[in-house]
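K.L.:
Below: one structure in structure tokens.
The values are calculated or read from the model by the stated rules, or taken from the named source; none is laboratory data. The shown structure was predicted, so the numbers you read here are calculated from the model rather than taken from an experiment. Every residue, glycine as well, gets a Cβ built from its backbone with ideal geometry; the counts of neighbours run over all protein chains shown. When the accessible area is computed, the model is the full protein with side chains, heavy atoms only, and any ligands, DNA or RNA have been set aside. Shrake-Rupley method; radii C 1.70, N 1.55, O 1.52, S 1.80 Å.
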Amino acid sequence: MEKIEHTTVPTNGINMHVASIGAGPRAILFLHGFPELWYSWRHQLLSLSSLGYRCIAPDLRGYGDTDCPAPAAQYSSLHIVGDLVGLLDALEIQQVFLVGHDWGAIIAWHLCLFRPDRVKALVNTSVPFSPRNPKASLLAGLRAAFGDDFYMCRFQEVGEAEADFAKVETGKLLAKILTSRSPKPPCFPKHVGFSAIPDPPALPPWLTQEDIDYAAAKFDKTGFTGALNYYRSIDLSWELMGPWTGAKVNVATKFMVGELDLTLNFPRMKDYLLSGAMKEDVPLLEDVVVLKGVGHFLNEESPQEVTNHIHDFFKDK
């Protein structure tokens with residue numbers, strides 16, 4: 001880990017913290033999700049850099065040591081993709097291999113949608129591509145399906161989730177989220193709150209107290225508002241992305257998801273992924289992999305398996 005370099009890169013009006021290791025023309029850009037940091041890619045950074053890749057993992061806008069603008073309106077997909085294009089320009093990288101997870105997967109889809117010229121190939125995880133519905137935003141659809149207590153809906157009121165999160169020690173909250181294995185849609189009535197997520201009986205082998213402490217220290221410093229603003233900008237992104245209605249992701253793609261990932265258990269999701277229907281929206285989709293016995297945070301839970309899939313896909317591209 002001490003070989004990983006940490007720099008600050010000015011991009012798109014913010015200062016972005018970037019962790020990187022390795023050298024050479026074959027660069028991989030890793031995009032983390034919620035509630036994560038560059039650190040969630042630590043295993044892949046070390047293993048793939050040893051295979052000859054230049055590995056780059058930023059803290060995304062609002063996270064860790066990257067700037068955290070307060071207004072939710074500054075967290076649309078266009079803002080985040082703009083940060084990444086500026087990062088690549090600052091690093092003088094014309095094209096990258098791209099890997100995303102959770103919110104990072106959504107941003108990866110949109111980077112490929114907006115600027116396919118900057119991406120050689122994509123390995124995306126956990127969150128499938130969701131084509132824009134011109135009649136209703138993703139948030140409106142989720143609210144109709146799961147009600148106001150669905151976690152994304154509960155995140156919309158500024159300050160509410162932050163106050164709820166503050167009732168639980170940060171490390172304990174992160175451990176709850178990272179180790180959750182419930183396949184049910186996460187719904188939390190106000191009178192219960194997010195503290196209702198059950199405590200793990202013990203940390204699993206893939207997650208150490210040191211890992212928890214590192215992430216908790218960063219979120220104790222920044223708070224959760226930046227991370228939650230991604231959810232609060234869902235409707236704004238939907239409005240701004242009108243020009244991309246019907247657009248397809250034309251980048252060579254491999255998709256991975258854990259067998260126990262709650263996203264795989266959303267209504268109609270298994271059929272969309274496993275029937276080949278996603279290829280209608282992602283024409284260059286080459287493979288869909290379901291990792292047996294693995295949950296949502298697959299890059300941490302099964303790091304070598306994930307690394308092998310990434311390398312196998314990128315090595316001939």
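K.L.:
Take every Cα pair under 8 Å in the chain that's 6+ residues apart, average their separations, divide by the length, and report that relative contact order as a whole percent.
P.N.:
Worked out over the chain, it gives 20 percent.
K.L.:
To continue, here is another question. For K218, go through the aspartates and glutamates and keep the ones whose alpha-carbon is under 17 Å away, minus same-chain ones fewer than eight residues off.
P.N.:
Answer for K218, where 17 Å is the Cα cut-off: E36, D59, D65, D67, E162, E169, E210, listed by chain and number.
K.L.:
Using helices alone, what [θ] at 222 nm do you get for the chain, with -39,500 (n - 2.57) per DSSP H run of 4 or more residues, divided over all residues and rounded to the nearest 500?
P.N.:
It comes out at -10000 deg cm²/dmol, rounded to the nearest 500.
K.L.:
I'd like the distance between the alpha-carbon centres of the stretch 229-278 and the stretch 1-22, rounded to an integer number of Å.
P.N.:
Cα centroid of the stretch 229-278 versus Cα centroid of the stretch 1-22: 28 Å apart.
K.L.:
Step through the residues of the stretch 94-100 one at a time and calculate ³J(HN,Hα) from phi using the Karplus curve (6.51 cos²θ - 1.76 cosθ + 1.60, θ = phi - 60°), rounding each to whole Hz and writing x for Gly and Pro.
P.N.:
So the J values, rounded to whole Hz, are 7, 9, 10, 7, 10, 9, x.
K.L.:
Would you work out what percent of the accessible area of the chain, with all protein chains in place, is carbon or sulfur (probe 1.4 Å)?
P.N.:
Of all accessible area on the chain, carbon and sulfur atoms account for 55 percent.
K.L.:
Taking amide H atoms as placed 1.01 Å from N in the peptide plane, list the residues 5 or more away in sequence, or in a different chain, whose amide H sits under 5 Å from that of G258.
P.N.:
S126, L291
K.L.:
Under a 10 Å cutoff between Cα atoms, tell me which one of M256, M241, M16 has the largest fluctuation in the Gaussian network model of the chain.
P.N.:
Among M256, M241, M16, the largest mean-square fluctuation in the Gaussian network model of the chain belongs to M241.
K.L.:
Residue by residue, what Karplus-based ³J(HN,Hα) values in Hz, rounded to whole numbers, does the stretch 61-72 have, using 6.51, -1.76 and 1.60 with θ = phi - 60° and x for Gly and Pro?
P.N.:
2, x, 10, x, 9, 8, 4, 10, x, 6, x, 4
K.L.:
Moving on. Under the definition of Cα pairs under 8 Å and six or more residues apart, what whole-number percent is the relative contact order of the stretch 172-233? Display every interim value, and only then the final one.
P.N.:
Details: 22 pairs, mean separation 22.6, N = 62.
Normalised by residue count, the contact order of the stretch 172-233 is 37 percent.
K.L.:
What list of ³J(HN,Hα) couplings, whole Hz, do you get for the stretch 252-257 from phi and the Karplus terms 6.51, -1.76, 1.60, once you set θ to phi - 60° and write x for glycine and proline?
P.N.:
Computed from phi, the couplings for the stretch 252-257 are 4, 9, 10, 10, 10, 8 Hz.
K.L.:
Lys/Arg Cβ at +1, Asp/Glu Cβ at -1, dipole of the stretch 30-128 taken about the Cα centre: which of H79, C55, F97 is farthest positive-ward?
P.N.:
Checking the options against the dipole of the stretch 30-128, the answer is F97.
K.L.:
Roughly speaking, what is the centre-to-centre gap between the stretch 125-145 and the stretch 31-101 when only Cα atoms are used, to the nearest Å?
P.N.:
The stretch 125-145 and the stretch 31-101 have Cα centres spaced 23 Å from each other.
K.L.:
Would the stretch 141-186 count as rounded, prolate or oblate if I go by the C-alpha gyration tensor, calling it rounded below 1.5 in a/c and otherwise prolate when a/b exceeds b/c, oblate otherwise?
P.N.:
oblate
K.L.:
Further question on the same structure: I want to verify a result. In a Gaussian network model of the chain, Cα cutoff 10 Å, which of these has the top mean-square fluctuation: D83, D59, D211?
P.N.:
So, out of D83, D59, D211, the one fluctuating most is D211.
K.L.:
Placing +1 at every Lys and Arg Cβ and -1 at every Asp and Glu Cβ, with all other atoms neutral, what dipole size does the chain have around its Cα centre, in debye to the nearest 20?
P.N.:
Result for the chain is approximately 640 debye, rounded to the nearest 20.
K.L.:
Assuming 0.36 nm per residue, please report the length gained on full extension of the stretch N265 to A217 beyond their Cα-Cα distance.
P.N.:
My answer for the length gained is 14.1 nm.
K.L.:
Would you mind finding the longest exposed-site-free stretch of the chain, with exposed GluC sites (Glu not before Pro) meaning DSSP loop and at most 10 other Cβ atoms within 10 Å? Can you show the working numbers first?
P.N.:
Values: sites that count: E2, E92.
The answer is 93-317.
K.L.:
Further, regarding this structure: Which residue, V282, W238, T263, has the largest displacement toward the positive end of the dipole of the stretch 154-299 when charges sit on each Cβ (Lys, Arg +1; Asp, Glu -1)?
P.N.:
Sorting the options by dipole projection puts first T263.
K.L.:
Looking at the chain as a GNM with Cα springs under 10 Å, which of G22, G223, G147 has the largest mean-square fluctuation?
P.N.:
G147
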